[in-house]
Amino acid sequence: MSQTAVTPQNIVLIGFMGSGKSTVGRELHQRLGYPLIDMDRCIEEAMGKKITEIFKEEGEAAFRDFETLELLEISKNTDENQIISTGGGIVIRPQNRSLLRKLGYVVWLHAPEDVIYDRTSRNQDRPLLNHADAREKITNLLAEREPWYRETAHLKIDTAGLDSSEIATGILESARYYFTHSK
Ligand code: S3P
């Protein structure tokens, strides 16, 4: 007898740079045992270059194309449940927003602007913020992207004052509810 196809119970993390997606992704991976797909790391492996080099040598538009291709590739895996941690700009393209909604339970990690600035200014690995006016850039990008995060997410978590373990607990409880009631 053939097996009935089951929709995978993926958890997808979206949010601005420095909002904690990778850390929370690792926490969820440890608790659930699902594979963790960190999209930026996958793109770096596929291209054999760091994100900063891709931006510098090929440009942002090329990076966005790789990002969409990666998302299409991930969407093909219907065999297992996954935790998917995305790059902060994944929501720019309408095509990506609709792919993300179909991929699983989408959680928007929201952090205060001060926290984002503090975390992202600690290293140079985010090409969009490697400028003297990084603070202004963050303000502008946040204003532009927040409606897209809102539109794409099933759940928004205000992470201020919460550690990654508490955030993961909140996600797991609401994801369980979602997957039980969305059939
Ligand atoms: C980007 C966010 C980065 C990375 C790239 C572009 C963005 O990922 O994809 O530097 O446009 O917000 P993180 O959100 O993991 O830093």
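Structure above, values below:
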| item | result |
| --- | --- |
| MRE, 222 nm, helices only [DSSP H, n ≥ 4, -39500 (n - 2.57), over the chain, to nearest 500] | -17000 deg cm²/dmol |
| Inter-centroid distance (Cα atoms) of the range 56-78 relative to the range 144-169, Å | 23 |
| log10 of Debye I(q)/I(0), alpha-carbon scatterers only, for the range 136-183 at 0.14, 0.16, 0.20, 0.32 Å⁻¹ | -0.50, -0.62, -0.83, -1.07 |
| Alpha carbon Rg of the chain, scaled by the compact-globule rule 2.2 N^0.38 Å | 1.02 |
| Average accessible surface area per residue within the range 11-176, 1.4 Å rolling probe, Å² | 49 |
| Extension reserve of the Q30-E73 stretch, reckoned as 0.36 nm per residue once the Cα distance is removed | 13.1 nm |
| Globularity ratio of the range 75-183, using Cα Rg and 2.2 N^0.38 Å | 1.18 |
| Whole-angstrom Cα spans of the range 1-94 along principal axes, big to small | 52, 28, 26 |
| Those aspartates and glutamates that a straight Cα-Cα span of less than 19 Å connects to K56, excepting residues fewer than 8 apart in one chain | D40, E44, E45, D65, E67, D125, D133 |
| Surface share of carbon and sulfur [accessible, 1.4 angstrom probe, percent] for the chain | 50 |
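The values are calculated or read from the model by the stated rules, or taken from the named source; none is laboratory data. Please read these numbers as outputs of a predicted model, since none were measured by experiment. Ligands, DNA and RNA are stripped out before the accessible areas are found, and what is left, the full protein with its side chains, is counted by its heavy atoms. Shrake-Rupley method; radii C 1.70, N 1.55, O 1.52, S 1.80 Å.
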